[in-house]
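Every number here is computed from the coordinates shown, using simple stated rules; none is lab data. Predicted model, so just to flag it, every value in this text is computed and none were measured. Neighbour counts are summed over all protein chains in view; Cβ atoms, including those assigned to glycine, are modelled from backbone coordinates with ideal geometry.
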Amino acid sequence: MAARSEAPVQVSVVVPCYNEAKRLDVSAYLRSLELHPWLTFVFVDDGSRDGTHERLLDLQRKCPERVRILTLAENQGKAEAVRRGLLALVQDPAEPKAPPGPDLRPELVGFWDADLATPLSQLEPFVEKFRLDQHLEILMGSRVRLLGTHIERKAARHYLGRIAATLATAILGVAIYDTQCGAKLFRATDTLRDMLDEPFLTRWVFDVELLARWLELRPDDASGIARFVRELPVPEWRDVSGSRLRLGDFLGLPRDLLRIAWRYRSGRGGRR
């Protein structure tokens, strides 16, 4: 299959993996690499106990120059897996804390859920938004059920997600529809590197904390945040069986969001 024309930027996407052996669609990742010569993947094996690591090694053998694996000895949770993967991409390799590995130095970095609830075909529209707007720094997928879209979400998850977004809007002082979509892309800036300097407070709603950190680091730009941070409705998203998110995680969302609110004081007062 002929590759599409190259994008003007290099893109690397972090994929956090915990016990994904049965859900990891190796062929979909290989197909995306074939179609997009500007793309690389960093898979973070978050202490998996099934055959995930072997599946990832098989994928890496088929495309060794564009697939990297970071292995965490013990399960740290999605937040830390994503943070470690992004740090491997944006941190200067010469710095003492820099993770080992090749210097990929992409211009855009992001993370995507391993189950591909958001298909990889949606990555190209994300990249195009950055190409057209040099001010854009953060682009977040948003699961909005519009006419002509195909969004399959369980009702309970949808309504709990709306509650989370409403609370996040109140905490951040920024109107946001969907904080938890597992498809996000960032420009690899010094601000992003600073946002990743410390572990997150929570294992699941770190997406909200990322925005709180951006607001903390860029207070002069907070009033015009929409110039730098935006949501992009995805035309296709589906719940994939085997999700690690449980009812207890949802019930803990208000507590975790309050922890973020207290720590960052709505993104204006700094970390305590």
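Remarks
- A simple spin-label model places the labels of residue 28 and residue 263 3.0 nm from each other, with each point 7 Å out along Cα-to-Cβ.
- For the chain, the relative contact order comes to 20 percent (Cα pairs under 8 Å, sequence separation of at least 6).
- Plainly put, segment 11-264 has a radius of gyration that is 0.93 times its Kirkwood radius, both from alpha-carbon atoms, as the Rg/Rh ratio.
- Straight-line cross-link reach from residue 62 at under 17 Å between alpha-carbon atoms covers these aspartates and glutamates, not counting any fewer than eight positions away in the same chain: 25, 34, 54.
- Here 190, 58 are placed in order of increasing Cβ neighbour count within 10 Å, fewest first, which gives 190, 58.
- Restricting attention to segment 11-264, close to 25% of DSSP beta bridges with both partner residues there are antiparallel.
- Within segment 11-264: Cβ-based charge dipole about Cα centre, in debye rounded to nearest 20 (Lys, Arg +1; Asp, Glu -1): 660
- For residue 70, residues with placed amide H under 5 Å, excluding near neighbours: 43, 44, 45
- Modelled this way, with points 7 Å down the Cα-to-C-beta line, the labels at residue 9 and residue 169 are 2.7 nm from one another.
- Measuring r between the beta carbons of residue 61 and residue 134 and using R0 = 35 Å, the FRET efficiency lands at 0.40.
- Calculated FRET value between residue 193 and residue 255, using beta carbons and R₀ = 41 Å, to 0.05: 0.90
- Counting DSSP beta bridges with both ends in segment 13-88, the antiparallel % (nearest 5): 0
- Residue 14 long-range amide H proximity, modeled H, under 5 Å: 42, 110, 111, 112
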